[in-house]
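The values are calculated or read from the model by the stated rules, or taken from the named source; none is laboratory data. Since the model is a prediction, treat every value here as computed from it, not as a measurement. Cβ atoms come from the backbone with ideal geometry, glycine included; neighbour counts cover every protein chain shown. The protein model used for the area step is the full one, side chains on, heavy atoms only, and it has no ligands, DNA or RNA in it. Shrake-Rupley method; radii C 1.70, N 1.55, O 1.52, S 1.80 Å.
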Amino acid sequence: MLRKSRLITIVLTLGLVLTLSITAGMKIAAQDSSGTTDKWCSDVNIVFFPGGPAGGAFAINVYNGALQAAADLGANVQYSWSNWDPQTMVTQLGEAIATKPDGIAIMGHPGDDAYQSAVDDAESQGIIVTSQNTDLPKLEAAYQSNGFGYVGAKQYDAGWSLATEAIKRSGVVSGDRAVLWGLLAQAGRGERTRGAKEALEKAGLTVDYYEIDQATNADPTAGIATVSAYITSHPDVKLLITDHGAMTSTMESYLTAAGVGPDDIYAAGFDMSPSDITAIKDGYLDLVIDQQEWLQGYLPILQICLTKKYAFTGLDINTGAGFATKDNIDVLADLITRVIR
């Protein structure tokens, strides 16, 4: 009888322990779930710079990434397009600060010095600032603890990497002619062009450099006549590099307008777009470095939300490590068509 009583007591005790454990687990689960609420950034207001023009190559990928982040996180996002004009970006930053958002994600093209005053002003008001596409090392170092991060390629390294890979794959040798269209005049953004130019020069190539004018910067088709005239007057050119995503996406038009056939000139550039698929398959575009620009839209929105809601510091993320060629374009084609890669 005593043994039976003890057995009943043990069973009841175990039952109570199990009940308490389940109850405690449910409480813990409830507490955990409060940190994973859907649309957890819904009360955060953000101004985002996709670059531009609206709908243009590269900028549309960035924009789509930001749209997806806003949809996933619930953030309220306003967009400022700039036609890739650095002065416009500086002006827009001042305008954005005046609206007193929680955070602003800027394109870094104007450089540290041009942005310094406005970023200092924003930070003094408690506005989170972060950057994409072109890094701002001085500002990032000053305000990283406040959430100033960077998403994009390391500019000089990306330029050097593309030019070095193009030299290797194209088979050009010292003394051969190459042409580079870039943006050396832009303080921050120009580092990528400088990297490409110095790699070409180190290889002993004869380098013709052309600064991309603002008309072509905003609308790459405006450069068709310029590229065509250059190739006509320099029939010995063997390597062509454009340091501009929208110009890269126009490569087939440039070369066909100049009467150049597939594989006559080794052509390389930056940033994937749907038109690049055709150009690569047709032989008019040989090498593209992929910055994964969709991430340059998504991750800055996430950065601001993480900082605003959870006090995370700025994250520095390099998105530019891969190349697209005929060898792997079929793997990427669907994602590129969907304007994700």
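Looking at the stretch 194-212 only, could you name the residues that are touching a residue at least 12 places away in the same chain (Cβ under 8 Å) and of a type outside the set (A, V, I, L, M, F, W, C)?
Step one: filter the stretch 194-212 for residues touching a residue at least 12 places away in the same chain (Cβ under 8 Å), giving 194-200, 203-212.
194, 195, 197, 198, 204, 206, 208, 209, 210, 211 - these are the residues of the stretch 194-212 that are touching a residue at least 12 places away in the same chain (Cβ under 8 Å) and of a type outside the set (A, V, I, L, M, F, W, C).
A quick yes/no check of all residues on (1) among the hydroxyl-bearing types (Ser, Thr, Tyr); (2) touching a helix residue (DSSP H, G or I) at 6+ places or on another chain (Cβ under 6 Å); (3) at pLDDT 95 or above:
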site	(1), (2), (3)
62	no, yes, yes
87	no, no, yes
90	no, yes, yes
94	no, yes, yes
100	no, no, yes
114	no, yes, yes
117	yes, no, yes
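Taking only the stretch 159-185 into account, find how many residues are open to solvent by 50 Å² or more (accessible area, probe 1.4 Å), part of a helix (DSSP H, G or I) and over 30 Å from residue 85 (Cα atoms).
2
How many of the residues making up the stretch 77-104 are part of a strand (DSSP E or B), open to solvent by 50 Å² or more (accessible area, probe 1.4 Å) and among the aliphatic types (A, V, I, L, M)?
0
Quick check on my filter: what residues within the stretch 223-240 are open to solvent by 20 Å² or more (accessible area, probe 1.4 Å) and farther than 23 Å from residue 85 by Cα?
The answer is 228, 229, 232, 233, 234, 235, 236, 238.
Can you tell which of 327, 243, 316 is touching a strand residue (DSSP E or B) at 6+ places or on another chain (Cβ under 6 Å), open to solvent by 10 Å² or more (accessible area, probe 1.4 Å) and of a type in the set (Asp, Glu)?
Every option except 316 fails the conditions.
All but one of (1) touching a Leu at 6+ places or on another chain (Cβ under 9 Å); (2) assigned to a loop (DSSP other than H, G, I, E, B); (3) open to solvent by 40 Å² or more (accessible area, probe 1.4 Å) hold for residue 188; which doesn't?
(3)
Can you find a residue in the stretch 311-331 that is out of contact with any Asp or Glu (no Cβ under 9 Å at 6 or more places or on another chain), in a helix (DSSP H, G or I) and more than 30 Å from residue 76 (Cα to Cα)?
Yes, there is a match, as at least one residue in the stretch 311-331 is out of contact with any Asp or Glu (no Cβ under 9 Å at 6 or more places or on another chain), in a helix (DSSP H, G or I) and more than 30 Å from residue 76 (Cα to Cα).
Residues are listed down the side, and each one gets a yes or a no for (1) in contact (Cβ under 8 Å) with a residue 24 or more places away in the chain; (2) touching a Pro at 6+ places or on another chain (Cβ under 7 Å); (3) over 21 Å from residue 136 (Cα atoms); (4) open to solvent by less than 20 Å² (accessible area, probe 1.4 Å):
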{"position": "251", "(1), (2), (3), (4)": "yes, no, yes, yes"}
{"position": "280", "(1), (2), (3), (4)": "yes, no, yes, yes"}
{"position": "284", "(1), (2), (3), (4)": "yes, yes, yes, no"}
{"position": "292", "(1), (2), (3), (4)": "yes, no, no, no"}
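What is the one condition in (1) open to solvent by 10 Å² or more (accessible area, probe 1.4 Å); (2) more than 30 Å from residue 167 (Cα to Cα) that residue 300 does not satisfy?
(1)
Could you please let me know if residue 170 is of a type in the set (Ser, Thr, Tyr) and either in contact with a strand residue (DSSP E or B) (Cβ under 6 Å, 6 or more places away or on another chain) or within 18 Å of residue 235 (Cβ to Cβ) (or both)?
In short, yes.
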